[in-house]
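**Student:** Here it is, the structure, as structure tokens.
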Amino acid sequence: MDKAVITERFLELIAGRDVLAALFTTYTFEPDFFELEIIPLLLNQEMAYSTDDRVKRFMVRENLREANLPIDVFYDLPMFRMSGDCSPEMEYLCNGVNLGDRAFHGKVSMILLMDRETGEEALLLGAGSNNLTRAGWWDNIECQHWEEVRSGAVPRRLVNILQEEIDFLNGYWAISAGGKEAAIDRIAEFVSSCKGSNSASPVYYYGLSFPENRRSFADFIHRKPSPLANYSNWTLEIISPFFADDAGNMEHEAFFAMGVDEIKLFLPFDSEGSALCQDGYYEHIQKEEGVQWAQWRDDVARALGLTGGNYRRLHAKVYHFYNKRQSWVFVGSVNFTYKAIHENIEAGFLAKLDKAGPLLEPIPDNTVIDKFAEPDEMPPGEGNDVDPGAALPELHLCYDWVSKRLKGRTSKRHIYEIEILGPEGRPVIAPWELRYKEGEYEGDTQRLETVLKNGSLVKVSGRDLKQKNKTAFPAHSVLLQQIGWSHKPLDLPELTATQILAIYAGMTPERRQMLLIDAKIRALVLGARGGELTTHTDDQIIDQFFCEYAEIFGAFSKLKKRLEQALDAEQYNQVDYYLTGTGVDSLPSLISRALEVDEEENRLNGVTCYLLLLSALEIYRTETLTDRPNVKDETKKLRREIQAIKKGKRLKLENDSQENRKRFFKWFEQEFFRVYTVVEDEA
């Protein structure tokens, strides 16, 4: 054990490989930390991110969209109701899991990777004690174990377990996300193609699906194929931040039946020096035969950075079995409580250690423990029966910014009528009936969009239609899944039309990124929100780029080619982003900037604006693109703008009579959109 943080080991494991899909399960979930610190690890690892969170969030969001990386997060729904105070600010799939009086407590990572040189795919399977939180990945004392799954070199049993894991998680899938690719589907595809091997070294993985298959943690530890079943005379070290609520709990006795001779039970302390244990349970263990309270050995404490008065909160869950012949350790999410061992959804690995000595030493008999404190949170699964949110309905909602569709469902055998409330407490949708079968809201969503611009946590009130008196439930926050973020109005920096055209003309991804970052910083500085941020620019280079109209046509030609290539590669999110999205360099953004007449420095002359609009219309008229979502609406709006510029004073002809203008524009547009073919002369 050492003081390294989870991110350091994670980066070592994925070095030299690209992430194809990522799935995480967690008990507590902090979206802001996940987005700013974990998602960047999954993207381009050479990218240097800004130290300003506002700029960094913009960079991560852009990179995530460009990469089209599917990410899924499964979290405990009742826990998020109590502790969730922020919502996602970029696009990935979130799934709340509600197990009633059990906790969804397993912390599993499935990362699908591809080697950059060989193209070989592999699945990193990790399990540990760390939640998707700042404390879990950076601050606490945590534990984690990783295994790499490669086709032909993985035990057949582990392949079967992984298929069970995927089936289990799919059973708790919150709501369909339309055309949004899910990481679990990409991972399932890999697992189904994986060839197991009977000769591969065994992997002892305790999975999320085990309790559903009537296999508890206790069964996993001491029944075959567990290697612990073949030996006895074990000394067991138990490291856990939580113990059973019952002061007389005898959970430790089950381990004696597994061939354990003695147990060392770690006693955690808080920063004030109080033992995080009920005093009654402490005294109870003191009197038990074969069990003794323990503390870190000096060498382990130094490795964990606990010397010199330093304090780190213990959150690791470790079960270390050793005798004179072997040493095995279970690391995972399983606390030393009845719920964790028998009922909760947990996960972890049992792994063999080479020449590992004990981690703990008994607390001396003359040590006086007279200060006790309750942990700062309830043991997972223990507090659900007193959770005020436990009686709230299970609601799953999803809004697609591309299709403007709101979908929802609830749990089995329930029917609710709900309303989504705005900041003032007034409904922003009409009363809507939700059932277990996913349904679609048929009303207007314009007011809902105004609410969703500020985040995904929405207030929901309603009535239980299955109750005889249609009992109302209290208004509470629900994490509403948002997809199609490329079409969501965000606080984005603005580029000039010339800058956008320079991107279309073939600007490198690195140069484009620099341009966008600079625009974001400039927007913060101009809005007096920049603090110590400084901006630099080489706009002159970009402004000089377009000195002839032919370069406009070249830029659109390259854009059209990129769109067709993306279409062939089924990268539909990229296609829709540029055609109808709200991004900084989408076609709608370009058209909007081209039409601006307020700022003299950014205003295009009438001819350039007209040619730009016609070039955009040509893109929208492309046969392979006309059926993409919202293209017909954008085309109608663009035609109106073209008509307005032809009737306005921004364009002037030498003979500017109404009749001549009408004749000229008709002729010009016929020639502009005419399709020419190149015929080579054989001579």
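Where a number appears in this text, it was derived from the coordinates with a stated rule and is not lab data. The structure displayed is predicted, hence computed values, not measured ones. Here the Cβ is made from the backbone with ideal geometry for all residues, glycine too, and neighbour counts use every protein chain on show.
**Student:** Cα to Cα, under 25 Å, and not fewer than 8 places away if on the same chain: which lysines meet these conditions relative to Lys652?
**Tutor:** Lys636, Lys637, Lys662, Lys666
**Student:** By how many nm would the segment from Ser461 to Lys662 grow when fully extended, if each residue of separation counts as 0.36 nm and the alpha-carbon distance is taken off? Numbers along the way, then the final one.
**Tutor:** On the way: separation 201, 0.36 × 201 = 72.36 nm, distance 5.73 nm.
Contour length minus the Cα-Cα distance gives 66.6 nm.
**Student:** State, as an integer percentage, the relative contact order of segment 497-673 based on alpha-carbon contacts under 8 Å between residues 6 or more apart. Walk me through the intermediate numbers first.
**Tutor:** Numbers: 129 pairs, mean separation 32.1, N = 177.
Relative contact order comes out at 18 percent.
**Student:** How many percent of Cα pairs in segment 85-130 exceed 15 Å?
**Tutor:** 69
**Student:** Per residue, what volume in Å³ does the Cα convex hull of segment 392-487 take up?
**Tutor:** On the way: hull volume 8.6 nm³, N = 96.
Once divided by residue count, the hull of segment 392-487 is 89 Å³.
**Student:** For the ranges 178-184, 633-639, 274-280, what's the packing order if you count other beta-carbon atoms within 10 Å of each residue, average per peptide, and put the highest first? Display every interim value, and only then the final one.
**Tutor:** Values: 178-184: 18.1, 633-639: 14.7, 274-280: 16.6.
Highest-to-lowest ranking by the protection proxy: 178-184, 274-280, 633-639.
**Student:** Quick one: net charge of Met258's neighbours, Cβ under 13 Å, K/R +1, D/E -1?
**Tutor:** The answer is -3.
**Student:** Related question: For Asp185 and Arg325, FRET efficiency with R0 = 41 Å and r from the beta-carbon atoms, rounded to 0.05?
**Tutor:** My answer for the efficiency is 0.40.
**Student:** If you take the Cα atoms of segment 497-673, find Rg, then find the Kirkwood Rh from the mean of 1/r over all pairs, what is Rg/Rh?
**Tutor:** My calculation puts Rg/Rh at 0.99.
**Student:** Shifting gears a bit: Assuming R0 = 30 Å, can you tell me the calculated FRET efficiency for the pair Arg674 and Ser592, based on Cβ-Cβ distance, to the nearest 0.05?
**Tutor:** Calculated value: 0.60.
**Student:** Just the number, please: Stokes-Einstein D of the chain in µm²/s, Kirkwood Rh from C-alpha pairs, 10 °C, 1.306 mPa s.
**Tutor:** Calculated translational D: 55 µm²/s.
**Student:** Say the dipole of the chain comes from +1 at the beta carbon of Lys and Arg and -1 at that of Asp and Glu; which of Leu495, Ile642, Gln670 then lies farthest toward its positive end?
**Tutor:** Gln670
**Student:** While we're on this one: Using the Cβ atoms and a cut-off under 10 Å, what net charge is assigned to the surroundings of His476, where Lys and Arg are +1 and Asp and Glu are -1?
**Tutor:** Net charge in that neighbourhood comes out at +2.
**Student:** Here's another thing I want to ask about it. Taking Cα atoms, how many degrees apart are the long axis of helix 658-673 and the longest axis of the chain, rounded to 10 and kept between 0 and 90?
**Tutor:** Roughly 50 degrees between the two axes.
**Student:** Continuing with this model, one more query. For segment 1-88, what does the convex hull of the Cα positions come to per residue, in cubic angstrom?
**Tutor:** 128
**Student:** Lys264: which lysines have alpha carbons under 26 Å from its alpha carbon, excluding same-chain residues fewer than 8 sequence positions away?
**Tutor:** Hits, sequence-local ones excluded: Lys3, Lys107, Lys224, Lys287, Lys317, Lys324, Lys339, Lys352, Lys355, Lys371.
**Student:** Turning to a different aspect of this structure: At most 13 other Cβ atoms within 10 Å and a DSSP loop assignment: could you name the trypsin sites (Lys or Arg not before Pro) in segment 424-528 that fit? Walk me through the numbers on the way to the answer.
**Tutor:** Numbers: sites: Arg435, Lys437, Arg447, Lys453, Lys459, Arg463, Lys466, Lys468, Lys470, Arg511, Arg512, Lys520, Arg522; in loops: Arg435, Lys437, Lys453, Lys466, Lys468, Lys470.
Here the trypsin sites (Lys or Arg not before Pro) that fit, given the DSSP loop and packing criteria, are Lys437, Lys453, Lys466, Lys468, Lys470.
**Student:** May I pose another question? In a shell of Cβ-Cβ distance under 12 Å around Gly280, excluding Gly280 itself, what net charge do Lys and Arg (+1) and Asp and Glu (-1) give? Before the final figure, lay out each step's value.
**Tutor:** Details: positive: Lys287; negative: Asp245, Asp246, Asp279, Glu283.
Local net charge: -3.
**Student:** Find which of Ala183, Tyr205, Gly126 sits farthest along the positive direction of the dipole of the chain, computed with +1 on the beta-carbon of Lys and Arg, -1 on that of Asp and Glu, about the Cα centre.
**Tutor:** Towards the positive end, the residue furthest out is Ala183.
**Student:** If you don't mind, there's one more thing I want to ask. Which number comes out as Rg/Rh for segment 6-211 once both Rg and the Kirkwood Rh are worked out on C-alpha atoms?
**Tutor:** Over the Cα atoms of segment 6-211, Rg/Rh equals 0.94.
**Student:** Is there a quick way to get the dipole size of the chain? I mean about its Cα centre, with the Cβ of Lys and Arg at +1 and of Asp and Glu at -1; what is the value in debye to the nearest 20? Can you show the working numbers first?
**Tutor:** Values: 81 positive and 108 negative charges, 421 e Å.
My answer is approximately 2020 debye.
**Student:** For segment 212-384, just the Cα set please: Rg and Dmax, both in angstrom.
**Tutor:** Over segment 212-384's Cα set, Rg and Dmax evaluate to 15.7, 47 Å.
**Student:** Between Lys195 and Arg640, what FRET efficiency comes out of the Förster formula 1/(1 + (r/R0)^6) with R0 = 41 Å and r the beta carbon distance, rounded to 0.05?
**Tutor:** 0.10
**Student:** Between the DSSP loop rule and a limit of at most 14 other Cβ atoms within 10 Å, which chymotrypsin sites (Phe, Trp or Tyr not before Pro) in segment 607-683 are left?
**Tutor:** Tyr676
**Student:** Could you tell me which of Ser240, Leu359, Ser87 has its Cα farthest along the dipole of the chain towards the positive end, charges placed at Cβ (Lys, Arg +1; Asp, Glu -1), taken about the Cα centre?
**Tutor:** Ser87
**Student:** What nm distance separates the two modelled labels at Glu253 and Lys649, each placed 7 Å from Cα along Cα→Cβ?
**Tutor:** About 9.6 nm separates the two model spin labels.
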